[in-house]
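Every number here is computed from the coordinates shown, using simple stated rules; none is lab data. None of these values were measured; they are calculated from a predicted model. Backbone-built Cβ (ideal geometry, glycine too); neighbour counts: all protein chains shown.
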Amino acid sequence: MHHSHEDHHEHHHSKKPFWQSVFVSTTHCSSGCSVGDLIGAPIVFLTGWTIAGSVLFADYVVEFILAYIAGIAFQYYGMSMKDNSSKDELKNAVKADTWSLIAFEIGMFGWMALSHYVFFTQAPKPDSAVFWFMMQIAMIIGFCTSYPANWVLVKKGVKHAM
């Protein structure tokens, strides 16, 4: 049975306009990504990990993995409908979170690359306020780049309107 996004709104008892439902859905996605990024950056910094000699590449890999795990967990536990099997719910969570997470990280990682290679002569590190300020801007940009992905996912019914 196919539901239009209007049916979806009534199913979730939402009286919000569609764009607001997408906005809330995007904040949900962004929170999972941010948790992964906030945990990942200090881990890479404290361990001294690099990939191809780059701390930034190590940050990208660790943060992406942690953000993906956190995002899917938030999606799975926060949005599961309880009328599907756990396997189906996990599959739905992966489907709902993958594209929005990638869109978020593209914006965030792009900004962090600029702050790492362009804006500063020496890249800010997670033990400085400048790093965390730049990370906050990166998260805002990630929100902006993931909003269109969330719009499409909610419109197609892959993600729940919130």
Ordered by packing density, taken as the mean number of other Cβ atoms within 10 Å over each peptide's residues, highest first, how do 90-103, 127-140, 27-40 rank? 27-40, 90-103, 127-140
Label points 7 Å out from Cα along the Cβ direction at residue 50 and residue 117: separation in nm? 1.6
So for the chain, what are the equivalent ellipsoid semi-axes in whole Å, largest first, each being the square root of 5 times an eigenvalue of the Cα gyration tensor? 33, 17, 11
Lys pairs under 15 Å by Cα in the chain, provided they are eight or more residues apart or on distinct chains: 7
Rounded to two decimals, the Rg over Rh value of region 100-150 from Cα coordinates and the Kirkwood Rh reads 1.03
Rounded to the nearest 10 degrees, what's the angle between the helix 86-117 long axis and the longest principal axis of the chain, both from Cα atoms, 0 to 90? 30
Residues meeting the amide H criterion for residue 125 (H placed from the backbone, H to H distance under 5 Å, 5 or more places apart or on another chain) are 131
How much length would be gained if the chain were fully extended between residue 69 and residue 91, taking 0.36 nm per residue of separation minus their Cα-Cα distance, in nm to one decimal? 6.6 nm
Could you tell me how many degrees, from 0 to 90 and to the nearest 10, lie between the Cα long axis of helix 55-79 and the main elongation axis, the longest principal axis, of the Cα atoms of the chain? 20
Compute the acute angle (0 to 90°) between the alpha-carbon long axis of helix 18-47 and the principal axis of greatest extent of the alpha-carbon atoms of the chain; round to the nearest 10°. 30
What number, in percent, do you get for the relative contact order of the chain if the mean sequence gap of Cα pairs under 8 Å and at least 6 apart is divided by its residue count? 33
How large is the charge dipole for the chain, taken about the Cα centre, if only the Cβ atoms of Lys, Arg (+1) and Asp, Glu (-1) carry charge, to the nearest 20 debye? 200
